[in-house]
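In what follows, a structure is listed as structure tokens, so that the remarks can point back to it.
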Amino acid sequence: MLFGKRKRIVKRILVIEDEPLTAFDNEVMIKDAGYEVVATHDDFEEAVAALDRGKVDLILSDVRLRGKKTGIHLAKEAQKRGVPLLFVTGAPPENASDLALGCLHKPYSARQLRKALEVIDQHLAGEQPKVPKGMELYAPKQAG
């Protein structure tokens, strides 16, 4: 398909956010960008249950969550399952690059979120994306 858009790798996104307004805004922005929101939750246990229910291509997770377990715990669980995770937080953990594909720093706009999702998709496809302001993309995709 010459000059066509390549198929997205990321189609189904799980949103994990403890701030209800931010969670709602993310859900709307993600749907408007043409992705499917698998679920939106605010704690670790609900996130894991959503992962158990069906295919997830990417997890968007805050670090701070409701309950005792954090987005750091979720990132470790996602790694075990081979599901990429993008932190969306104002304060990424020091070892974020060991846990996630990247971090989109709060506050961010709808445009920045859309661009971050595109960058993650390109990164997973083995491309060298241009990382937008307000986002960090960690170590190159590991061959596997």
What do you reckon, is Val56 surrounded by 14 or more Cβ atoms within 10 Å (Cβ to Cβ), among the hydrophobic types (A, V, I, L, M, F, W, C), free of Cβ contacts under 8 Å to residues at least 60 places away in the same chain and in a loop (DSSP other than H, G, I, E, B)? yes
When residues of the range 78-93 are filtered for being at pLDDT below 95 and surrounded by 17 or more Cβ atoms within 10 Å (Cβ to Cβ), how many remain? 2
Out of Ala75, Ala23, Ala47, sole residue that is outside any loop (DSSP other than H, G, I, E, B), over 27 Å from Lys133 (Cβ atoms) and at pLDDT 95 or above: Ala47
Take the residues of the range 132-144 that are modelled with pLDDT under 95 and not small (Gly, Ala, Ser): which is nearest to the chain's Cα centre (by Cα)? Tyr138
Test Leu65 against the stated conditions and say whether it is closer than 17 Å to Ala116 by Cα and crowded, with 19+ Cβ neighbours inside 10 Å. no
Within the range 94-120, the residues that are among the aliphatic types (A, V, I, L, M) and either closer than 16 Å to Glu77 by Cα or modelled with pLDDT under 95 (or both) are Ala96, Leu99, Ala100, Leu101, Ala110
For the range 120-129, state whether one or more residues are outside any helix (DSSP H, G or I) and of a type in the set (A, V, I, L, M). yes
Could you list, ordered by first residue, the pairs with Cβ atoms under 8 Å in which the first is in the range 73-101 and within 23 Å of Gln112 (Cβ to Cβ) and the second is of a type in the set (Lys, Arg) and surrounded by 12 or more Cβ atoms within 10 Å (Cβ to Cβ), at least 6 apart or interchain? Val88/Lys106; Thr89/Arg64; Thr89/Lys106; Gly90/Lys106; Leu99/Lys76
For Ile16, work out the one condition from (1) at pLDDT below 95; (2) touching a His at 6+ places or on another chain (Cβ under 8 Å) it doesn't fulfil. (1)
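The values are calculated or read from the model by the stated rules, or taken from the named source; none is laboratory data. Predicted, not measured: the structure shown is a model, and the values here were computed from it. Cβ sites come from the backbone with ideal geometry, for glycine too, and all protein chains shown count toward neighbours.
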